[in-house]
1. Give the shape of chain B as rounded, prolate or oblate, defined through the alpha-carbon gyration tensor: a ≥ b ≥ c are the square roots of its eigenvalues, a/c under 1.5 means rounded, and otherwise the shape is prolate if a/b is larger than b/c and oblate if not.
2. May I ask you to order A:229-235, A:396-402 by the average number of other C-beta atoms within 10 Å around their residues, highest value first?
3. Amide H to amide H under 5 Å from A:Ile320: which residues, 5+ apart in sequence or cross-chain, H placed 1.01 Å off N in plane?
4. For region A:40-83, what is the largest minus smallest coordinate of the Cα atoms on each principal axis, given in angstrom and ordered from greatest to least?
5. Tell me, what HN-Hα J-couplings in whole Hz come from the Karplus equation 6.51 cos²θ - 1.76 cosθ + 1.60 at θ = phi - 60° for each residue of region B:236-249, using x for Gly and Pro?
6. For the peptides B:334-345, B:135-146, what is the packing order when you average, over each peptide's residues, the other Cβ atoms within 10 Å and list the highest mean first?
7. Taking the radius of gyration and the Kirkwood hydrodynamic radius from Cα positions alone, what is the Rg/Rh ratio for region A:318-372, to two decimal places?
8. Counting each DSSP H run of 4 or more residues in chain B as -39500 (n - 2.57), what helix-only mean residue ellipticity at 222 nm follows after dividing by all residues, to the nearest 500 deg cm²/dmol?
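Taken together, the values in this text are just the output of simple stated rules run on the coordinates, not laboratory data. Everything numeric in this text was worked out from a predicted model, so none of it was measured. So basically every Cβ, Gly included, is an ideal-geometry build from the backbone, and we count neighbours across all protein chains shown.
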There are 2 protein chains.
Amino acid sequence: MNLRELAPEMNAMGAAARGGAAALREASPETKTKALLAAAKAIRAHANDILAANAKDMNAASDLSPALKDRLLLDDKRIEAMAKGIEEIAGLADPVGRELARWKRPNGLDIARVATPIGVIGIIYESRPNVTADAAALCLKSGNACILRGGSESAQSSRAIHAAMVEGLRAANLPEGAIQLVPTTDRAAVGMMLKGLDGTIDLIIPRGGKSLVARVQDEARVPVLAHLEGICHVYVHEKADSAMARAIALNAKMRRTGICGAAETLLIDRAVLQSHGVPILADLKNAGCEIRGDEAVQKIFPDLIPATEEDWRTEYLDAIIAVKAVDGVEDAIRHIETYGSHHTESIVTEDARTAERFLNALDSAIVMWNASTQFADGGEFGMGAEIGIGTGKLHARGPVGVEQLTTFKYIVRGNGQIRG
Amino acid sequence: MNLRELAPEMNAMGAAARGGAAALREASPETKTKALLAAAKAIRAHANDILAANAKDMNAASDLSPALKDRLLLDDKRIEAMAKGIEEIAGLADPVGRELARWKRPNGLDIARVATPIGVIGIIYESRPNVTADAAALCLKSGNACILRGGSESAQSSRAIHAAMVEGLRAANLPEGAIQLVPTTDRAAVGMMLKGLDGTIDLIIPRGGKSLVARVQDEARVPVLAHLEGICHVYVHEKADSAMARAIALNAKMRRTGICGAAETLLIDRAVLQSHGVPILADLKNAGCEIRGDEAVQKIFPDLIPATEEDWRTEYLDAIIAVKAVDGVEDAIRHIETYGSHHTESIVTEDARTAERFLNALDSAIVMWNASTQFADGGEFGMGAEIGIGTGKLHARGPVGVEQLTTFKYIVRGNGQIRG
């Protein structure tokens with residue numbers, strides 16, 4: 001498809017999405033649930049089609065790294081997980097129509113703030129085909145139409161999954177414009193989405209690596225809800241319980257190293273570097289973690305890689321940790337505010353006042369006391385599935401679940417009030 | 001100042017603002033109140049300096065239209081109003097630290113969602129010098145540092161007002177970086193702010209006409225909270241109380257025609273065009289309003305200007321109204337969704353079911369039943385002063401007061417939880 005054909009086609013998708021959004025805005029909770037359950041059923045019913053499509057993607061992907069191939073691969077278990085994921089989203093409380101606040105004015109006006117869908121959401125993602133199901137289901141539940149643009153490597157798989165999602169829409173008599181997949185892998189399509197498709201897209205959510213997110217933030221002319229990076233910190237205060245600090249540091253770093261809530265930097269009070277630090281570093285080393293330490297840390301633990309300035313700014317997403325000695329909570333706060341990414345930070349201490357200081361002073365989306373940073377997750381927060389973790393300041397920070405995919409309007413009820 | 005000097009100077013302002021934001025984030029409610037009250041006092045104490053500065057601006061503004069000159073002009077009354085406005089903002093409840101939600105997870109994690117300042121807000125405005133005081137006070141109250149860029153016509157006045165605001169900061173031992181005024185009227189400074197000043201600006205708020213807002217939305221690489229336009233509708237349903245419809249239509253259009261909540265289009269059910277429509281149009285005409293009607297309206301009211309397609313899309317901000325006959329609530333909804341700007345719409349009816357249909361179906365920031373659209377205002381909503389009315393979908397819609405100038409973070413308190 002050439003560019004001259006692409007623009008009208010993309011704009012037509014935008015117009016269809018507006019229609020889809022209008023239908024979803026008025027759809028009852030039951031209708032949306034029906035569509036989602038039917039979509040889950042269709043995913044299972046068409047498992048063979050999806051697997052066949054995925055096999056084509058895998059064949060074409062021979063040049064990819066093993067990690068990327070693993071992201072791309074679907075099997076019976078992953079397809080069942082996709083269907084279950086949609087059913088779980090169907091089971092969440094409907095986020096639309098919630099009364100967020102209500103008050104009465106002296107003149108008798110009754111003002112309610114009520115949750116509403118955002119409208120049309122453009123999702124731009126990379127190679128994981130399951131995002132097609134996840135993102136579509138989260139948008140549908142929150143009453144938003146979506147325009148999905150997956151990676152070229154997963155094009156066949158996404159198309160097959162999208163077909164199942166559309167079957168769900170049809171079963172509930174919802175228009176197909178409510179969940180659309182950009183049919184071309186032409187990168188120009190992404191550029192058009194970022195410009196808003198003639199005013200039809202209300203929000204762009206990029207799901208992918210830093211370079212994708214950076215491109216989106218640079219080119220977008222519509223609001224973006226993005227996850228940039230998670231340089232998460234664990235700070236072991238001098239009054240930390242040593243066993244707790246060991247368990248939290250190990251879990252925060254090593255439970256899963258590739259997620260954004262994984263700890264990347266460990267700060268340890270100089271006073272307990274020997275008593276608390278050595279056992280923590282031994283645990284990490286035994287678990288296969290590479291340790292990069294500052295000078296003080298190098299002195300107490302043998303065979304470290306010296307940490308450089310760059311390490312404090314690095315999101316490894318791997319079994320590597322940067323470790324630094326600090327002089328108390330203020331020093332820890334200063335380090336985190338200087339080098340962190342305002343995602344998730346945790347203090348380990350038995351001292352409540354120090355903990356409160358840490359929790360209040362830091363400007364991060366999530367601040368924790370005596371808990372692993374790996375809890376930075378919509379499911380763990382009890383929000384259900386999430387479309388990602390927002391690292392910006394506006395609209396939503398932290399886990400973005402169905403509630404965060406809504407906006408609100410004010411409903412004002414009067415009995416003839418005019419303004420003086 | 002040339003561009004090569006400007007960039008480092010602007011970036012230095014950004015860095016100072018980050019320091020200011022850090023101080024404000026930790027400032028107590030009392031400290032912020034103290035700064036605001038001292039600023040109000042300084043405005044009064046330096047009234048003569050401000051008037052002298054304003055006289056210079058007025059002298060240089062001889063080419064401006066009378067309306068623009070009136071916006072620019074300060075007098076004793078306006079200076080007193082500015083000081084009072086700051087005191088009113090000082091008296092509002094502190095929006096920072098509010099617990100927005102709190103819940104406990106089965107594993108014992110205690111999760112609180114707490115309001116926090118956004119950080120550094122860039123305000124770009126036009127000729128009204130009082131915005132310098134308003135915007136700075138609203139940002140300060142909500143714990144945000146601000147970088148103000150006023151119009152070149154009001155440069156001297158803004159500088160004098162800014163000096164008084166800084167006196168307030170000093171009285172409360174807050175850093176001057178918390179309220180900064182861009183010293184140059186070079187337009188390149190605006191471009192630099194829109195790029196975020198090296199990552200220091202979290203949010204841009206433009207206050208001004210459509211062309212300013214359009215430029216900001218086009219060039220900004222940071223989130224924007226903007227007011228685009230208010231094409232507000234009053235819909236007179238066939239079951240409207242005639243006297244109430246007359247009062248609301250007249251007030252919604254004519255109380256003040258230049259505000260964004262003024263009605264621009266009047267929709268009247270065809271069934272009551274004669275009974276309700278004629279008296280409403282007579283009232284409007286008597287009040288000096290120009291009426292532009294569709295064919296049906298032309299038939300029942302003499303000497304109308306025929307309305308064109310363009311009229312349904314026009315924000316007059318003047319004593320002009322477009323009037324159209326519609327066939328019931330669905331037709332009214334369709335018209336508003338097609339031509340409106342999603343700002344504020346009001347239905348006049350005695351029929352509750354029809355009203356609810358209208359309130360639920362429309363995708364506007366504010367929907368009203370039996371009330372004048374001119375209530376679309378932070379003060380009238382009971383929020384206190386507002387920095388404007390947001391017409392976007394993200395973060396905040398409708399009146400943007402101090403609460404809307406905050407974001408939130410999650411505070412998670414545990415006792416050693418690690419993720420399984």
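1. Oblate, since a/c reaches 1.5 and b/c is not below a/b.
2. Listed from highest to lowest mean packing, they are A:229-235, A:396-402.
3. Long-range HN contacts for A:Ile320: A:Glu290.
4. Principal extents (Cα only, largest first): 33, 17, 11 Å.
5. 9, 7, 4, 9, 6, 5, 5, 5, 5, 4, 4, 5, 5, 4
6. Highest-to-lowest ranking by the protection proxy: B:135-146, B:334-345.
7. 0.94
8. About -13000 deg cm²/dmol.
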